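The values are calculated or read from the model by the stated rules, or taken from the named source; none is laboratory data. Just so it is clear, the model here is predicted, and its values are computed rather than measured. Because the Cβ atoms are built from the backbone with ideal geometry, glycine has one as well, and the counts that use them run over all protein chains shown. Accessible surface areas use protein heavy atoms only, side chains included; no ligands, DNA or RNA. Shrake-Rupley method; radii C 1.70, N 1.55, O 1.52, S 1.80 Å.
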Amino acid sequence: MTSIYNMDCHDFINEINDNSIDLVVTDPPYNMNKAEWDKFDSTDAFLEFTYRWIDDIIPKLKNTASIYIFNTPFNSAYILQYLVKKGLIFQNWITWDKRDGIGASKRKYTHGQETILFFTVSKEYTFNFDEIRIPYESTDRIKAASKKGIIKNGKRWFPNEKGRLVGEVWHFSSARHKQKDHGKLIKFQHVTPKPLDLIERIIKASSNENDLVADPFVGSGTTGIAAKNLNRKFIINDFNKEYIELTKERIKNVDIPRN
Ligand SMILES: C[S@@+](CC[C@H](N)C(=O)[O-])C[C@H]1O[C@@H](n2cnc3c(N)ncnc32)[C@H](O)[C@@H]1O
């Protein structure tokens, strides 16, 4: 199943069969006033909206499913508690260090991070840690260790050829303004696109080929593009018609430039 919907998130989620989704990767509103769709009367109104779509989506998850939810650290503190209350299992609080995406505050430390909560439905879930390894940082030490190994806790340790395991702090440049059209930088048609390589890391780690990936707030289509690149099925949605047109266009041209 591969489908692209253009409706309110609640109606979209209602369309999905129970116990059918392997992975949810979603970047919902943050209540930060970034666009009309990101405005709420209060934190309570925002949380009510958020808790409602979470309630809707839980029955749609398979028992082996994972769910990743983007938000601000402040909102994520509430969302985490709600997911725990709903019986989902906490796996990681991932901090996305946005590198070039930082704000300009002089009254407190500048905002340069977003949170990605990773939860699973049960203790039985996919986690392809070997497929998302990243290069070791201390290259000289690693070069030396690959010849003779390093003694760690009394055992001789050799670095893994594919690189090191991924930790909970992720460094990806923000995607905004970075998309290219025939080699030229263009201002992107969505206010908050996520980096394709970041979404691909999540999909590689937490699903397998032909699994079903869902995103009720797909915006410019990043989750769909990543799923298609990685041969996963996807079911995605956004209530904004222009964004869905953009999503369809981007999914047609799979050759999306990376940052
Ligand atoms: C943070 S953006 C997602 C951006 C996306 N990750 C990307 O890479 O382009 C959130 C999206 O949610 C959509 N949205 C907001 N409220 C919605 C609702 N009630 N139902 C469906 N979509 C909604 C907005 O139109 C917006 O595109």
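Here are some notes:
- For region 20-35, 3J(HN,Hα) computed residue by residue from phi via the Karplus equation (6.51, -1.76, 1.60; θ = phi - 60°) reads 10, 8, 8, 8, 10, 10, 9, 10, x, x, 10, 6, 10, 6, 6, 7 Hz, glycine and proline entered as x.
- For the chain, the per residue solvent-accessible surface stands at 55 Å², with DNA, RNA and ligands left out and a 1.4 Å probe.
- Cα-projected label distance for ARG99 with PHE158, points at 7 Å along beta-carbon direction, nm: 3.2 nm
- Computed magnitude of the charge dipole of the chain (debye, nearest 20; Cβ of K, R +1, Cβ of D, E -1): 1580 debye
- Between ASN208 and ASN63, the simple label model (points 7 Å from Cα in the Cβ direction) yields a spacing of 1.6 nm.
- Computed magnitude of the charge dipole of region 76-141 (debye, nearest 20; Cβ of K, R +1, Cβ of D, E -1): 500 debye
- Selected from LYS194, LYS60, LYS147 as most flexible by GNM, with the chain as the system and alpha-carbon contacts under 10 Å: LYS147
- Across region 121-133, coupling constants 3J(HN,Hα) worked out from phi with the 6.51/-1.76/1.60 Karplus curve, θ = phi - 60°, read 7, 9, 7, 9, 7, 7, 8, 8, 4, 6, 8, 10, 4 Hz, and Gly and Pro carry x.
- Carbon plus sulfur fraction of accessible area for region 79-155, probe 1.4 Å, in percent: 52 percent
- Rounded to the nearest 20 debye, dipole of region 6-160 from Cβ charges on Lys, Arg, Asp, Glu: 1480 debye
- Summary of the geometry: region 198-259 and region 1-72, compared by the centres of their Cα atoms, lie 15 Å apart.
- Placed amide H near PHE217: partners under 5 Å, 5+ positions off or other chain: ASP27, ASN237
- Partner lysines for LYS143 [C-alpha distance under 24 Å; skip if fewer than 8 residues away on the same chain]: LYS152, LYS155, LYS162
- Spin-label model, THR110 to ASN33: label points 7 Å out along the Cα-to-beta-carbon direction sit 2.0 nm apart.
- Note on the chain: with a GNM built from Cα contacts shorter than 10 Å, the maximum mean-square fluctuation among ILE134, ILE16, ILE54 falls on ILE134.
- For the chain, built as a Gaussian network whose Cα springs stay under 10 Å, the top-fluctuating residue of VAL25, VAL169, VAL213: VAL169
- Shape call, region 67-147: gyration tensor on alpha carbons, a/c limit 1.5: oblate
- The chain - percent relative contact order, Cα under 8 Å, separation 6 or more: 24 percent
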